[in-house]
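Enquirer: One structure is given below, represented as structure tokens, and several questions about it will come after.
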Amino acid sequence: MIEIQEITKSFGDKPVLRGVDLKIDTGESIVIIGRSGCGKSVLLKHLIGLISPDSGRILIDDEDITSMRDSDLYRVRHKFGVLFQSSALFDSMTVRENVCLGLDEHTTKSGEEKMVIAKDKLAMVGLSDVEDLKPAELSGGMKKRVGLARAIAMDPQYVLYDEPTTGLDPIMADIINELIIRLNEQLDVTTIVVTHDMVSAYKVADRIVMLHRGVIMFDGTPAEIKNTDNKVVRQFIEGRAEGPIKPVPIGGISLRGDRSG
Amino acid sequence: MITIGFNSLPIVLLVGTFTGAVSVWQTNYQIEGYVPVRFLGLTTFKAVVIELGPVLTALMLAGRVGASIAAELGTMKVTEQIDALESLAINSVRYLAVPRFFATVFMMPILVIFANMIAILGAWLVAILFLGISTQIFFSEIPHFFHVHDVMSGLLKALFFGGAIALVGCYIGFETRGGAEGVGKATIRSFVLSAVLILVIDYILATMLF
Ligand SMILES: Nc1ncnc2c1ncn2[C@@H]1O[C@H](COP(=O)(O)OP(=O)(O)O)[C@@H](O)[C@H]1O
Ligand SMILES: [Mg+2]
């Protein structure tokens, strides 16, 4: 179980998280939605201690990672697998080396055992015969899947997805959604997805929360969010320019005028 | 990593040759009439091993190795590869910075030795071909005033310069933000900062060693 308690985080004088409270139960599949730049990735990175909060606590299975020694933090990170927004494959390594890196560093498994694991995890994400390719030779969807195979290589308890469908065509996006669901069931993991893709959110979520202006402003099931009266949430899930959410001004000029109508 | 260093060998040798050639010419001009010409080889030799070899090699490597470390780590940073390493419970500093640090520190003195040798070769060639000084006279005073201390302190400087180049490259790489543009800036900043540091360290070590 993950408990995020009142975390705040600013970069310079720009507050990004202003007191986020969230409890994530083991085994559930939770989707965190929010506008681009609202702090979804920042929140996700807090969960594995890549960013430390200015205040507040984060408990991973009752252990507070915000006040932990580095060695303990690395131990806790073994519980996590992360699929990054840009896949973040190591571009100097082959697909197999990417998938096996965690095993190389943390286990004493033989080369052969690792080959089998890599093949197995790649098969789980629907890939075969790509082990010797370099990331530059893969399409966007394949990169995501290799990133996912790497994330689950060490059998994590929690799998984090940062915008897993962004930048993919709708068919590939759906393949990824199916994968998220299947891994959640097959591997018995807790799934945390961050996205602004509502199709994906409705499909994979047991529960959807919305991050807005640095706080969780909605928390409910997909059915509940579809029927909410909250104007901000409605505007977001329906994808309208008009509403209480004001487009971010760029260079002092509001985009509002251009987008409305 | 080591490859980057040894790929720098041709440019280091080129710079070394001209360093030797120019310094012997300049020294000859400056001492002409005041100091016996048999001291020309010695003066050039000392200038090269103590100062010119280490500093110029380090400046070359700040451009080649330091900037390439900053660009590589900076790219890994902005493409979340460093976050990905950390998420795999791998300490990114230990995994990425430490080997680069040791490789650079290890390779610097070796390159400086090459640079010194070729610089002295260049100086000697200029002396015999253009300054009309015989080989015998050029090298005559070197055995009498050769101090191991001079060569060693040059190589010690090289170690420090290598360390500074790697630390700056890694630090700036890890701190990179802002996509491709950020990587470009990181590359430049790494070069400028390590070049300045090299000169400052050179001064500090000079006051301590001599
Ligand atoms: N390391 C950082 N330094 C400074 N600002 C940051 C950093 N990381 C994120 N931010 C800022 O925090 C805000 C939220 O970013 P992010 O979490 O990436 O948004 P998103 O919801 O699109 O994932 C953005 O305005 C971004 O510029
Ligand atoms: Mg993001």
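Enquirer: Mind checking which residues of segment A:17-43 are near ligand 1 (Cβ under 10 Å from one of its atoms), in contact with a strand residue (DSSP E or B) (Cβ under 7 Å, 6 or more places away or on another chain) and in contact (Cβ under 8 Å) with a residue 60 or more places away in the chain? Steps first, please.
Expert: We begin by selecting, within segment A:17-43, every residue near ligand 1 (Cβ under 10 Å from one of its atoms); these are A:17, A:32-43.
Pick out the ones that are also in contact with a strand residue (DSSP E or B) (Cβ under 7 Å, 6 or more places away or on another chain) and you get A:17, A:32-34, A:38-43.
Within segment A:17-43, A:L17, A:I32, A:I33, A:G34, A:C38, A:G39, A:K40, A:S41, A:L43 meet the criteria.
Enquirer: Which of the helices (runs of 4 or more DSSP H) found entirely inside segment B:125-210 contain at least 1 residues meeting this: closer than 30 Å to B:Y95 by Cα?
Expert: Counting at least 1 such residues, we get B:148-174, B:179-209.
Enquirer: Does any residue of segment A:42-58 turn out to be within 14 Å of another protein chain (Cβ to nearest Cβ) and more than 16 Å from ligand 2 (Cβ to nearest atom)?
Expert: Yes, some residue in segment A:42-58 is within 14 Å of another protein chain (Cβ to nearest Cβ) and more than 16 Å from ligand 2 (Cβ to nearest atom).
Enquirer: Exactly one of these conditions fails for A:G49: (1) of a type outside the set (A, V, I, L, M, F, W, C); (2) open to solvent by 30 Å² or more (accessible area, probe 1.4 Å); (3) not in a helix (DSSP H, G or I). Give me its number.
Expert: Here A:G49 clears every test but (2).
Enquirer: Of everything in segment B:72-100 that's of a type in the set (S, T, Y) and more than 7 Å from every other protein chain (Cβ to nearest Cβ), which residue is surrounded by the fewest Cβ atoms within 10 Å (Cβ to Cβ)?
Expert: So, considering only residues that are of a type in the set (S, T, Y) and more than 7 Å from every other protein chain (Cβ to nearest Cβ), the one surrounded by the fewest Cβ atoms within 10 Å (Cβ to Cβ) is B:Y95.
Enquirer: Hey, among the residues in segment A:81-94 that are more than 16 Å from ligand 2 (Cβ to nearest atom) and surrounded by fewer than 24 Cβ atoms within 10 Å (Cβ to Cβ), which one's nearest to the chain's Cα centre (by Cα)?
Expert: A:F90
Enquirer: If A:H46 passes every condition in (1) within 13 Å of ligand 1 (Cβ to nearest atom); (2) over 17 Å from the mean Cα position of the chain (by Cα) but one, which one does it miss?
Expert: The number of the failed condition is (2).
Enquirer: Which of the residues belonging to segment A:27-41 are part of a loop (DSSP other than H, G, I, E, B) and more than 14 Å from ligand 2 (Cβ to nearest atom)?
Expert: The answer is A:G27, A:E28.
Enquirer: Answer yes or no as to whether A:E185 is open to solvent by 50 Å² or more (accessible area, probe 1.4 Å), farther than 25 Å from A:V42 by Cα, modelled with pLDDT under 95 and away from ligand 1 (no atom under 16 Å from the Cβ).
Expert: Yes.
Enquirer: Given the conditions (1) at pLDDT below 95; (2) under 20 Å from the mean Cα position of the chain (by Cα); (3) over 22 Å from B:F174 (Cα atoms), report the number of the one that B:G63 does not fulfil.
Expert: Unmet for B:G63, out of (1) at pLDDT below 95; (2) under 20 Å from the mean Cα position of the chain (by Cα); (3) over 22 Å from B:F174 (Cα atoms): (3).
Enquirer: Testing B:G33 on (1) open to solvent by less than 50 Å² (accessible area, probe 1.4 Å); (2) not in a helix (DSSP H, G or I), one condition comes back false. Which one is that?
Expert: Of everything listed in (1) open to solvent by less than 50 Å² (accessible area, probe 1.4 Å); (2) not in a helix (DSSP H, G or I), B:G33 misses just condition (1).
Enquirer: Moving on to the next point. Counting only residues that are modelled with pLDDT under 95 and assigned to a helix (DSSP H, G or I), which one in segment A:132-169 is farthest from ligand 2 (Cβ to nearest atom)?
Expert: If we take residues in segment A:132-169 being modelled with pLDDT under 95 and assigned to a helix (DSSP H, G or I), then A:G141 is farthest from ligand 2 (Cβ to nearest atom).
Enquirer: Working only within segment A:104-123, note down all residues that are over 21 Å from the mean Cα position of the chain (by Cα) and either at the interface with chain B (Cβ under 9 Å from one of its Cβ atoms) or surrounded by 18 or more Cβ atoms within 10 Å (Cβ to Cβ) (or both).
Expert: Filtering segment A:104-123 for residues over 21 Å from the mean Cα position of the chain (by Cα) gives A:104-120, A:123.
Answer for segment A:104-123, where residues must be over 21 Å from the mean Cα position of the chain (by Cα) and either at the interface with chain B (Cβ under 9 Å from one of its Cβ atoms) or surrounded by 18 or more Cβ atoms within 10 Å (Cβ to Cβ) (or both): A:E105, A:H106, A:K114, A:I117, A:A118.
The values are calculated or read from the model by the stated rules, or taken from the named source; none is laboratory data. Quick caveat: nothing in here was measured; it's all calculated off a predicted structure. Cβ coordinates were reconstructed from backbone atoms using ideal geometry, including for glycine residues, and neighbour counts include every protein chain displayed. Calculation scope for accessible area: heavy atoms of the full protein, side chains included, ligands and nucleic acids excluded. Shrake-Rupley method; radii C 1.70, N 1.55, O 1.52, S 1.80 Å.
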